[in-house]
Every structure is written in structure tokens, then in C-alpha cells.
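*Asks:* Let me begin by handing over the structure; questions about it come next.
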Amino acid sequence: MQFFVLLEEKNIFYGTNLAVYGTFNRMNDKSYIELVTQAKSGDQRAWNVLQKRFSGFADKFAFKILNDEDLSQDVVQESFWDLYQNLEKITTPSAFPTLLKRVIIKHGDRILRKKERQNLVFVDPNQIDQNSKHSHSSLLEKECYETIFKNVKKLAPSDQKLIDLYYYKN
């Protein structure tokens, strides 16, 4: 159960989970459904209010996915931009929170997959130093890489080229 109090002398609007400082105007009175509908018709102010209203939630949700504040801010920005570009495709304005979550998940997943790919290291087995201190581990690594190369060589030449360009030549 929520309660709201407007302190006119200080221009502060309080709610149980919300404290927004600044001027209180009629746009803040509107439900997000009305704001989505107005934003779809081209009202930029309605979109700005909608974005401000959901930005706190979006930041927290993206941070839970990525555990990185900078990346989560990037994801939130990309998500709002994606939704703004596709406003006309929103057929059910009441689904806006769900759509926002899905877009954040989509962009967050893209970044997580990109980070995973950057952590993968592929080395040419011929470049592994045989005289290293850990000869047992380097021999094992070389054997693994040679197995990979042997299996890649079984592919069609066009597929070999793709793997070579993607993993070894970046």
C-alpha cells in the first residue's frame, strides 16, 4: 500500500519507495500507460518522464545482470533508445515494464557473450614454447590445440577460412 504526500512549500514529492526532488507537474500525475500512449503520438516530454520514471528500476535490473555499473548504464541507455525507436510497435502500453525488462536482458546478454568471447584465447600450437618451466602443461596445451587444428582441417575450406579469420586474425 502506497501513500503520497506533496510538500508544496519545499517542492518535494514523497512516496513509500520514491523521493523525487524538484517541481511537481501534471506529467508526474499520469500513469505510465498514458505516458506510453502520448509518447507514441510524438510527445517528447511524455517519453522523458517515462524514461525518468523507469530509469532507477532499469539501472538496478541491468546491474543485477552484469555486476558492472558502467556496463549496466550503457545497457539501460541502449535499451531506452531501442524502445524509443520502436514505440510505434508497442501495441499494449501496459506491457511497457515487461518490454523494458526484455530489452535490458537482450542487451545485457549481448554484452555478457561479448565478454565471454574476449576471454577465449586461441593460440597456434606451433607458438607454444617447448622449453617452458611447465613443460607438462605446455605439452598438454599443445596436444589440445593440435586436436583442434586437426578437426578444423576436416571442415570445408570456406569454413576453415571463417574460423581462421574469426579466432586467429580477429
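What follows draws every value from the coordinates through simple rules; no lab data is involved. Just so you know, these numbers come straight off a predicted model, no measurement behind them.
*Asks:* Could you give me the ³J(HN,Hα) list for the range 54-71, computed from phi with Karplus coefficients 6.51, -1.76, 1.60 and θ = phi - 60°, whole Hz, x at Gly and Pro?
*Replies:* 9, 5, x, 4, 4, 4, 5, 5, 5, 5, 4, 6, 9, 6, 8, 5, 5, 5
*Asks:* Which pairs, out of Lys89/Lys115; Lys52/Lys106; Lys40/Lys114; Lys114/Lys154, put more than 25 Å between their alpha-carbon atoms? Each step should come with its number before you reach the end.
*Replies:* On the way: Lys89/Lys115 31 Å; Lys52/Lys106 21 Å; Lys40/Lys114 32 Å; Lys114/Lys154 27 Å.
As for pairs spanning more than 25 Å Cα to Cα, those are Lys89/Lys115; Lys40/Lys114; Lys114/Lys154.
*Asks:* Using the Karplus curve 6.51 cos²θ - 1.76 cosθ + 1.60 with θ = phi - 60°, what ³J(HN,Hα) values do you get for each residue of the range 146-160, in whole Hz, with x for Gly and Pro?
*Replies:* 5, 5, 4, 4, 4, 6, 5, 5, 7, 6, 5, x, 5, 5, 4
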